[in-house]
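Student: Next up is a structure, given as structure tokens.
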Amino acid sequence: MRFDCVISGGLCVTASDTFRADIGILDEKIAAIGTHLSGERTIDATGKYVMPGAVDTHTHLEMPFGGTVSKDDFETGTIAAAYGGTTSIVDFCIQGKGQSLQDALDAWRAKAEGKAVLDYGFHIAITDMTGSVLDEMQTMIDAGCPSFKVFMVYDFRVSDTVLMQALIQARDHGGLVCVHAENNDAVTYLINKHLSEGKTDPRYHALSRPPLVEGEATGRACKLAQITGGPLFVVHLTCESALQEVVRARANGASVMAETCPQYLLLSDANYDEPDFGGAKYVMSPPLRPRENQEPLWKGLASNDLVSVATDHCPFDFNGQKDMGRDNFAKIPNGAPGIEPRLALMHEFGVNAGRFDINRLVAVCATNPAKAFGMYPQKGALAIGADADIVVFDPELKVTLSTATLHENVDYTPYEGVEVTGFPVATLSRGEVVCMNGRLEAKPGRGRFIKRGKPRFV
Ligand code: URP
Ligand code: ZN
Ligand code: ZN
């Protein structure tokens, strides 16, 4: 048989196995895993890893926040993601006040259509729960968006009652509730206290949202998941106190999963002390933590207390956006870039540093998020019949991360000057080379909406 494309001679790495084989691609799918395969196009992967394309289940492209809009849109954001070895994203579609979930989804699909170079799905962020919105959750699940996000903080937060209602709907109809867990009253109290004392620097963003604020809300959400029997996914978990709550809930048999992000594993609250308002680059919620939280998170990833690593990519320029809060940390748009270097950072500081093996890298960056969010085995799998979403990764390639070389459409990276050994050299989406050896081959608009199925407990 002659394939459309063959990736030959690489070391194939899945979440469970490592083996040498050629991959044959036909009609967008992986059609063969074998030896001596031949195709119209051959990609020589000798000396490289061949892995399922990474899956980033936490992005914010073209998202309005605090009077501005995140800088990457679905074109620039998915291009940057592809250069970093990601082949699918799940972005957050935010319901507007009084808006139906269907209208919100239509609006977010319109942003992505004609622009994305990768396949994309949507979580539905519920910000204004009503009886009809609760009913609409099932419609969203049937439409291929089985995951929802609720915020326990911000003006558009939900009450514990609403969180419970969402958990019950998800339980009954095959959905999953993602939660942004911070105690709103404690955060509001601390922000007001700091501002009234004239403490306006970026470091007070972190001091207004200490780890216990997240630990308390995470514990509460986990207990509501236990009380209702509803499935919960804790997003952007940052600290040991929140992790302990997740560990306890899982040990008690609750359907609770959690992710962390590279910034919480690699950066710390010391970054808020960068001079000349530089700390604003790291203003995100929850904030960066004291360094002692990092090793527990790494261990949690290795032990599956944390099931995945996503980016929470939410880029705002330092000049022109972050500086909206020069006189008041509470006005700095929350979020930081990171959609491109995730796989390389996790390889460098996870695998090369001996914290976990290459199979676990695939598990936390591709297979587990695909399973948890209802995309497996179409995505996140190197298996016959799966979409040919594949990354060819050179474990010897040395790269210095820099805004100058990354493709994210934002004027800084939190990882400026970080050196990694190992970087993607080719990324294929449904068998099409999106980028290879630093060159973009695919056209914007080729990405398709992923109609996701039932989330799985990982
Ligand atoms: O600061 C952050 N994380 N911005 C993005 C929105 C969110 O809460 O995930
Ligand atoms: Zn959040
Ligand atoms: Zn986020």
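The values are calculated or read from the model by the stated rules, or taken from the named source; none is laboratory data. Worth saying up front: this structure is predicted, and the values here are computed from it rather than measured. Virtual Cβ from ideal backbone geometry, glycine too; neighbours counted across all protein chains shown.
Student: Could you list all residues from the stretch 215-247 that are touching a residue at least 60 places away in the same chain (Cβ under 8 Å), within 14 Å of ligand 1 (Cβ to nearest atom) and under 13 Å from VAL307 (Cβ atoms)?
Tutor: Those that are touching a residue at least 60 places away in the same chain (Cβ under 8 Å), within 14 Å of ligand 1 (Cβ to nearest atom) and under 13 Å from VAL307 (Cβ atoms): PHE233, VAL235, LEU237.
Student: Suppose we filter GLU197, GLU136, GLU182 for residues that are out of contact with any Cys (no Cβ under 6 Å at 6 or more places or on another chain), acidic (Asp, Glu) and within 16 Å of ligand 3 (Cβ to nearest atom); which single one remains? Can you show your working first?
Tutor: Values: GLU197 fails: within 16 Å of ligand 3 (Cβ to nearest atom); GLU136 fails: within 16 Å of ligand 3 (Cβ to nearest atom).
Sole residue among the options that is out of contact with any Cys (no Cβ under 6 Å at 6 or more places or on another chain), acidic (Asp, Glu) and within 16 Å of ligand 3 (Cβ to nearest atom): GLU182.
Student: Does any residue of the stretch 359-372 turn out to be farther than 28 Å from SER241 by Cβ and touching a Lys or Arg at 6+ places or on another chain (Cβ under 6 Å)?
Tutor: Yes: the stretch 359-372 contains one or more residues that are farther than 28 Å from SER241 by Cβ and touching a Lys or Arg at 6+ places or on another chain (Cβ under 6 Å).
Student: Further question on the same structure: Name the strands (runs of 3 or more DSSP E) wholly inside the stretch 368-458 in which the number of residues that are of a type in the set (A, V, I, L, M) and in contact with a His (Cβ under 9 Å, 6 or more places away or on another chain) is 1 or more.
Tutor: Because the criterion is at least 1 residues that are of a type in the set (A, V, I, L, M) and in contact with a His (Cβ under 9 Å, 6 or more places away or on another chain), the strands (runs of 3 or more DSSP E) in the stretch 368-458 that meet it are 419-429.
Student: Could you grab the pairs with beta carbons closer than 7 Å, sequence gap of 6+ or different chains, first residue in the stretch 275-289 and closer than 17 Å to THR403 by Cα, second one within 16 Å of ligand 2 (Cβ to nearest atom) and part of a loop (DSSP other than H, G, I, E, B)?
Tutor: ALA280/ILE332; TYR282/LEU288
Student: Within the bounds of the stretch 333-346, is there any residue that is in a loop (DSSP other than H, G, I, E, B), out of contact with any helix residue (DSSP H, G or I) (no Cβ under 6 Å at 6 or more places or on another chain), of a type outside the set (Val, Ile, Thr) and away from ligand 1 (no atom under 16 Å from the Cβ)?
Tutor: yes
Student: Just to check your reading of the model, which residue among ASN359, ASN293, ASN319 is assigned to a helix (DSSP H, G or I), in the same structural domain as PRO231 (by TED's automatic domain parsing) and either under 22 Å from GLY215 (Cβ atoms) or out of contact with any strand residue (DSSP E or B) (no Cβ under 8 Å at 6 or more places or on another chain) (or both)?
Tutor: Only one candidate passes the filter, namely ASN293.
Student: With the requirement that a residue be hydroxyl-bearing (Ser, Thr, Tyr) and either within 13 Å of ligand 2 (Cβ to nearest atom) or surrounded by fewer than 19 Cβ atoms within 10 Å (Cβ to Cβ) (or both), what does the stretch 234-250 give you?
Tutor: THR238
Student: Find all pairs meeting these conditions: Cβ atoms under 7 angstrom apart; at least six residues apart or on different chains; first residue within the stretch 132-156 and in the same structural domain as TYR120 (by TED's automatic domain parsing); second residue basic (Lys, Arg) and within 16 Å of ligand 1 (Cβ to nearest atom).
Tutor: Sorted first by the residue in the stretch 132-156, then by its partner, the pairs are PHE151/ARG157.
Student: Within the stretch 14-21, can one find any residue that is more than 16 Å from ligand 2 (Cβ to nearest atom), of a type in the set (Phe, Trp, Tyr) and either in contact with a Phe, Trp or Tyr (Cβ under 7 Å, 6 or more places away or on another chain) or assigned to a loop (DSSP other than H, G, I, E, B) (or both)?
Tutor: no
Student: Let me ask another. One residue is enough: does the stretch 48-68 have a residue meeting the conditions more than 16 Å from ligand 3 (Cβ to nearest atom), out of contact with any helix residue (DSSP H, G or I) (no Cβ under 9 Å at 6 or more places or on another chain), over 30 Å from ALA107 (Cα atoms) and not charged (D, E, K, R)? Working first, answer last.
Tutor: Start the filter on the stretch 48-68 by keeping residues that are more than 16 Å from ligand 3 (Cβ to nearest atom), which leaves 48-54, 67.
Then drop every residue that is not out of contact with any helix residue (DSSP H, G or I) (no Cβ under 9 Å at 6 or more places or on another chain), which leaves 48, 50.
After this cut, where a residue has to be over 30 Å from ALA107 (Cα atoms) as well, the list is 48, 50.
Cutting the leftovers down to not charged (D, E, K, R) gives us 50.
Scanning the stretch 48-68 turns up at least one residue that is more than 16 Å from ligand 3 (Cβ to nearest atom), out of contact with any helix residue (DSSP H, G or I) (no Cβ under 9 Å at 6 or more places or on another chain), over 30 Å from ALA107 (Cα atoms) and not charged (D, E, K, R).
Student: Taking only pairs six or more apart or across chains, which ones have beta-carbon atoms under 6 Å, a first residue in the stretch 175-196 that is without any contact (Cβ under 8 Å) to a residue 60 or more places away in the chain and within 16 Å of ligand 1 (Cβ to nearest atom), and a second residue that is basic (Lys, Arg) and outside any loop (DSSP other than H, G, I, E, B)?
Tutor: Filtered contacts from the stretch 175-196: CYS178/LYS149.
Student: Report, by residue number, each residue of the stretch 262-283 that is in a loop (DSSP other than H, G, I, E, B), within 18 Å of LYS199 (Cα to Cα) and within 14 Å of ligand 1 (Cβ to nearest atom).
Tutor: Within the stretch 262-283, just VAL283 meets the criteria.
Student: Here's another thing I want to ask about it. Considering the stretch 23-73 alone, what residues qualify as being under 30 Å from GLY325 (Cα atoms), surrounded by fewer than 16 Cβ atoms within 10 Å (Cβ to Cβ) and touching a residue at least 60 places away in the same chain (Cβ under 8 Å)?
Tutor: GLY67, THR68, listed by residue number.
Student: Also: Where the second residue is among the aromatic types (Phe, Trp, Tyr) and the first is under 23 Å from GLY34 (Cβ atoms) and lies in the stretch 365-384, which pairs have Cβ atoms under 8 Å and are six or more apart or on separate chains?
Tutor: Every condition considered, the pairs that remain are THR367/TYR376.
Student: Run ASP312 past the list (1) more than 16 Å from ligand 2 (Cβ to nearest atom); (2) at positive phi and report the number of the one that doesn't hold.
Tutor: (1)
Student: Same structure, new question: For the stretch 64-83, which residues satisfy the criterion of being touching a Gly at 6+ places or on another chain (Cβ under 8 Å) and within 13 Å of ligand 1 (Cβ to nearest atom)?
Tutor: PHE65, SER70
Student: Would you check if TYR204 is over 21 Å from the mean Cα position of the chain (by Cα), among the aromatic types (Phe, Trp, Tyr) and within 16 Å of ligand 1 (Cβ to nearest atom)?
Tutor: Taking the combined requirement at face value, the residue satisfies it.
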